[in-house]
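The values are calculated or read from the model by the stated rules, or taken from the named source; none is laboratory data. Worth saying up front: this structure is predicted, and the values here are computed from it rather than measured. Neighbour counts run over all protein chains shown; Cβ positions are idealised from the backbone, glycine included. Keep in mind that these areas ignore ligands, DNA and RNA; they rest on the heavy atoms of the full protein, side chains included. Shrake-Rupley method; radii C 1.70, N 1.55, O 1.52, S 1.80 Å.
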Amino acid sequence: MKKLVSFSCSECSVVLIFMFISVSSSIVQTEGFESFLQLPNNGSWRTRSRYRRVLSVGDFGARGDGLSDDTEAFENAWKIACSLPARARIMIPAGYTYLVHPVDLSGPCKSRVTLTISGTIVAPKDPEAWNGLNPRKWLYFHGVNHLTVEGSGTINGMGQEWWARSCKINPKNPCKHAPTALTFHRCKVLKIYNLMIINSQQMHIAFTNCLRVITTNLKVIAPATSPNTDGIHISASRGVEVKNSLVRTGDDCISIVNNSSRIRIRSISCGPGHGISIGSLGKSRSWAQVHNVMIDGALLSNTENGVRIKTWQGGGGYAANIKFQNVLMENVSNPIIIDQYYCDARFPCANQSMAVKVENVSFVHIKGSSATEEAMRFACSDTSPCEGLYLEDIDLVSYGGITKSFCWEAYGSSSGFVHPTSCFTRNDRFIKQKIPPNSAIDSF
C-alpha cells in the first residue's frame with residue numbers, strides 16, 4: 001500500500017497585495033447597473049438606433065402586474081421580432097413585473113434580435129405549473145444566432161418552493177430535476193449584459209452547445225442554502241468569456257463541464273457558494289473532455305471550495321490545459337483541490353479503475369486565507385495519475401493554525417514561494433510544465 005504524502009507548514013502572516021484591489025473593484029458593483037444602458041425614448045428609435053423595429057411586450061397584451069400570465073405576449077413578440085428581415089429589439093419596460101410560464105424562444109431568426117430587459121420577469125411560484133412540461137426549462141432560447149440579451153432588469157426564478165422539495169434539503173424527498181432559469185442551447189454569437197438573475201429553481205444561467213459567447217456585468221444571487229443553484233453553467237460550448245460579474249449562490253459559482261473548450265473567466269467575485277469548478281466529469285462512466293480554460297482574476301469569499309477540478313471514478317476522457325491565476329481567497333475551505341474520487345451520492349461510490357485524465361494544470365498567484373487546515377489537495381487516480389501539475393507564487397494561510405498540502409498520485413513541479421509546501425512527486429517528462437501561451441486559449 002502506498003503511503004499518503006502530507007506536508008505541513010507553520011502559520012505565517014500574509015499581506016493582501018494591491019494587485020487584487022483592481023480585480024475586486026472592477027469585478028462588480030452591487031448597485032447601479034442601470035447606468036450602463038440608455039434606452040431610446042418613445043418615438044426616437046428611428047434616429048437613435050440601428051434597429052428597424054422596436055417591439056414592446058405591452059403592445060402584445062402583456063399586463064406586467066405580476067399576477068396575469070404574460071407568456072403569450074412574450075411568445076408573440078418573439079415570433080414577430082424573429083421573423084423580421086432587419087434588426088429588431090424587444091422591450092421589457094421598467095416598472096413592470098411580468099409573470100412568464102415556461103417558454104421556448106426558438107430560432108433561426110431572419111436577422112439579429114436584441115432582448116432588452118428593464119423590468120422584472122418572474123416565474124410561477126408553484127412547481128405544479130410545470131406539470132406535463134420539461135421540468136428542466138423555464139426561459140429557454142435555442143437555435144438563435146446573433147442574439148443579445150441586455151438591460152438593467154431582473155429575472156426571478158421564485159425557487160423557494162422548489163428548494164423546499166429538494167432531496168438535498170429533506171432526504172425523504174425524491175430527487176427530481178428542477179428548471180434552469182435561463183438556458184441558451186445551440187446559440188452562436190451570443191451576448192449577455194448587465195442583468196440580475198436571482199433565486200433560480202436550480203441553475204441560474206446555462207450555456208449548452210453554444211459557440212462564441214460573451215457574458216459581462218451579471219449579478220447572480222441566491223441564498224447559500226439553496227440546493228444545486230449553480231450560478232453560471234457551461235456545457236459542450238466553445239469560445240465562452242465570462243467577466244466582471246458577481247455570483248452568490250448555493251452551489252458552484254461557475255461550473256464548466258463536458259466537451260467545453262476555449263473558456264475564459266475574468267474578474268469574478270464568488271461567494272457564498274461552492275467555488276469555481278471544472279466538472280463534475282465522468283459520471284456514470286461517461287466520456288468528457290474539457291481543455292484550454294483560463295480563470296484569470298477572482299475574489300472568492302466564504303466558499304466551500306476554491307478553484308477545483310472534480311471527476312467521478314469510472315469515467316473517461318480528459319481535463320487538460322487549464323490555468324487558475326490571480327485569485328484571492330478569503331476564509332475559503334479547500335482553496336485548491338483536484339478530486340478524482342468525487343462522489344455526490346447518497347451512498348458511497350464503488351472503486352473503479354477508469355478515470356478522467358487530469359494533466360497540464362497550473363495554479364499561479366493564488367493567495368489568502370484557508371478555512372481548512374488542508375489548503376491544497378490533489379487526490380488523483382491510481383491508474384490515471386494527475387500529471388503536469390504546476391504551482392507558482394502560492395501563499396495560503398490559516399487564522400487557526402497550520403496549513404497543509406495533500407498528494408496522492410500527483411506529479412508536477414513548483415516555482416518560487418509556495419505555502420504550504422508542494423507535495424508533488426517529480427516526473428521528468430513534466431518538470432516545469434506550464435499551460436501553452438495564451439493564444440491557445442484566446443483564439444475564440
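I'd like the distance separating the alpha-carbon centroids of the stretch 363-379 and the stretch 209-260, in whole Å. Answer, in whole Å: 22. Highest mean packing first, where packing is the average number of other Cβ atoms within 10 Å per residue, the peptides 161-173, 192-204 line up as 192-204, 161-173.
For His274, the amide hydrogen comes within under 5 Å of the amide hydrogens of Asp251, Asp252, Cys253, Glu304, counting only partners 5 or more places away or on other chains and with H modelled in the peptide plane. With K and R counted +1 and D and E -1, the other residues having a Cβ less than 15 Å from that of Ala345 yield a net charge of +3. Between Cys109 and Asn145, the built amide H atoms are under 5 Å apart, and every one of these is 5 or more places off in sequence or on another chain. Near Thr383: Cβ cut-off under 12 Å, other residues only, Lys/Arg at +1 and Asp/Glu at -1. The net charge is -1.
About its Cα centre, the stretch 268-380 has a charge dipole of approximately 340 debye under the convention of +1 per Lys or Arg Cβ and -1 per Asp or Glu Cβ, with nothing else charged. Taking the stretch 219-238 and a reference point 7 angstrom along Cα→Cβ of Cys175, the backbone N atoms nearer than 17 Å belong to 227-230. Relative to the current alpha-carbon distance between Lys79 and Lys168, full extension at 0.36 nm per residue lengthens the span by 28.2 nm. Could you please report the charge total around Ser301, scoring K, R as +1 and D, E as -1 over all other residues with beta-carbon less than 12 angstrom from its beta-carbon? Cβ neighbours under 12 Å give a net charge of -1.
Placing R0 at 56 angstrom, the Cβ-Cβ distance between Thr421 and Asp59 gives a FRET efficiency of 0.30 after rounding to 0.05. Classification of the stretch 239-346 by its C-alpha gyration tensor yields an oblate form. The axis ratio a/c (a ≥ b ≥ c) is 1.5 or more, and b/c is at least a/b. Taking the protein heavy atoms of the stretch 373-431 in the context of the full set of protein chains, the accessible area attributed to carbon and sulfur is 44 percent at 1.4 Å. Amide hydrogen proximity for Cys423: with H placed 1.01 Å from N in the peptide plane, no residue at 5 or more positions away or on another chain lies under 5 Å. Express in whole angstrom the spacing between the alpha-carbon centres of the stretch 177-205 and the stretch 70-125. So the two Cα centres are separated by 14 Å. A simple charge model with +1 on the Cβ of Lys and Arg, -1 on the Cβ of Asp and Glu and nothing else charged puts the dipole of the stretch 144-268 at about 300 debye relative to its Cα centre.
Take the Cα of Asn351, step 7 Å toward its Cβ, do the same at Ser68, and the gap between the two points is 6.5 nm.
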